[in-house]
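Following: one structure in structure tokens, then a few remarks.
The values are calculated or read from the model by the stated rules, or taken from the named source; none is laboratory data. Since the structure is predicted, the reported quantities are computational estimates derived from the model, not experimental observations. Using ideal geometry, Cβ is built from the backbone for each residue, glycine included, and neighbour counts are taken over all protein chains shown.
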Amino acid sequence: MTTPLPSKSTCIAQMAPGVAALNVLANTGNLCPLLNELGITVPCPAPVIPDQAWYLIDRKVLCELMCCCADSPNTILKEGVLQNAYQSCVADTVAAARDTVKVGRYVPEVNHDMTLTPPKAILHSDGRPAVWGDNAHWKHSATTGLAKKYAEERAAAAAAGRARNPLVRRPDIIAVKNPNKPVSQDNIDRIYEMKFANDRAQPNQLEDYVKIAGNDKKVVRIDEEDCNCDDGKRKKQLVPAAAQRLADIKDRGYQHAAKVVPIAAGAAGAVVTGGASLSLPAAFGRVLGAAGL
């Protein structure tokens, strides 16, 4: 009998370039006209996109990813059985978008140390999120480290006959205010918890996310049913439109492209990418190459 093999979703290659393109368009002041075409009203030119517009953008982008991943999820092998992994499809797509230009509004699945007040993102020294099992994860707590705290909590829970308290929480998607700064409470614009069909929230999950964000208005739950994935009349999608808009600007030789609006420290005319800068053609070219445009 042949063992089934896990696979990655086609959504990663299909949608990641558009998510990356959206970030480049936003960072360079070129997103505004596209938003108005899609019904998100923003006065142009708009070097700074209003918060309410970002909320609408976020929901549209994440719903588009959710619908794609609902139809074509990752698959994983668990106890010899192939299972659908819907949220990992979204996380992998967002991670692939970030890898394209090394910057982005959306950060997937950042572990947070809930033993600290406020909870703190578990990061490498360069600001990258640390995955489960990294030394940065286990040694993050300033004194005893999470490994010891895990052991203590496990013993206490067993003695009391209760479930273990979560010492680490990992929100599905964090939208940051400044893509050039690491995830921290003061840089969190919103936390998005995405629930696919038949996916239930864990006990106190959203309450813990409020602790991470510092404000209950910054925590938003998106359910698959809210995204109208089965609606054949859904409006034009933002993610593929962003990739095409980037291609159109390139085809015009950038002469109609707005000047780059640096998000943090960086020279005008460059897209800041966390320690390095890309010229406008280089930033566009990297995204378009990933999109095959």
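Scanning for something in contact (Cβ under 8 Å) with a residue 40 or more places away in the chain, under 29 Å from residue 126 (Cα atoms) and acidic (Asp, Glu), does the stretch 45-68 turn up at least one residue? Yes: one or more hits. Residues that are modelled with pLDDT of 95 or more and crowded, with 19+ Cβ neighbours inside 10 Å within the stretch 177-188 comprise just one, 188.
Show the residue pairs meeting these rules: Cβ distance below 9 Å; 6+ apart or different chains; first residue within the stretch 196-214 and farther than 18 Å from residue 186 by Cβ; second residue surrounded by fewer than 18 Cβ atoms within 10 Å (Cβ to Cβ) and among the aliphatic types (A, V, I, L, M). If the second residue must be surrounded by fewer than 18 Cβ atoms within 10 Å (Cβ to Cβ) and among the aliphatic types (A, V, I, L, M), the pairs left are 203/163.
Among all residues of the stretch 2-21, there is none that is of a type in the set (A, V, I, L, M, F, W, C), under 20 Å from residue 105 (Cα atoms), touching a residue at least 12 places away in the same chain (Cβ under 8 Å) and not in a helix (DSSP H, G or I). Checking 115, 93 one by one, the residue that is farther than 27 Å from residue 151 by Cα and in contact (Cβ under 8 Å) with a residue 24 or more places away in the chain is 93 and no other. Restricted to the stretch 61-121, the set of strands (runs of 3 or more DSSP E) holding at least 2 residues that are closer than 25 Å to residue 226 by Cα and in contact with a helix residue (DSSP H, G or I) (Cβ under 6 Å, 6 or more places away or on another chain) comprises 106-108. Number of residues in the stretch 31-40 that are more than 16 Å from residue 55 (Cβ to Cβ) and in contact with a Lys or Arg (Cβ under 7 Å, 6 or more places away or on another chain) equals 1.
Among the residues of the stretch 58-75, just one is buried (at least 22 other Cβ atoms within 10 Å of the Cβ) and among the β-branched types (Val, Ile, Thr), namely 61.
Which of the residues belonging to the stretch 27-63 are of a type in the set (Asp, Glu) and under 21 Å from residue 101 (Cα atoms)?
Answer for the stretch 27-63, where residues must be of a type in the set (Asp, Glu) and under 21 Å from residue 101 (Cα atoms): just 58.
Being among the β-branched types (Val, Ile, Thr), more than 22 Å from residue 65 (Cα to Cα) and modelled with pLDDT of 60 or more holds for only one residue in 249, 263, 222, and it is 249. Kindly check whether there is at least one residue in the stretch 189-205 that is modelled with pLDDT of 85 or more, in a helix (DSSP H, G or I), touching a strand residue (DSSP E or B) at 6+ places or on another chain (Cβ under 9 Å) and within 24 Å of residue 88 (Cα to Cα). Looking through the stretch 189-205, at least one residue is modelled with pLDDT of 85 or more, in a helix (DSSP H, G or I), touching a strand residue (DSSP E or B) at 6+ places or on another chain (Cβ under 9 Å) and within 24 Å of residue 88 (Cα to Cα). Residues that are touching a Cys at 6+ places or on another chain (Cβ under 8 Å) and assigned to a helix (DSSP H, G or I) were ranked within the stretch 24-49; the one that is nearest to residue 94 (Cα to Cα) is 32. Scan the stretch 128-143 and tell me whether some residue there is among the β-branched types (Val, Ile, Thr) and at pLDDT 80 or above. Within the stretch 128-143, not a single residue is among the β-branched types (Val, Ile, Thr) and at pLDDT 80 or above.
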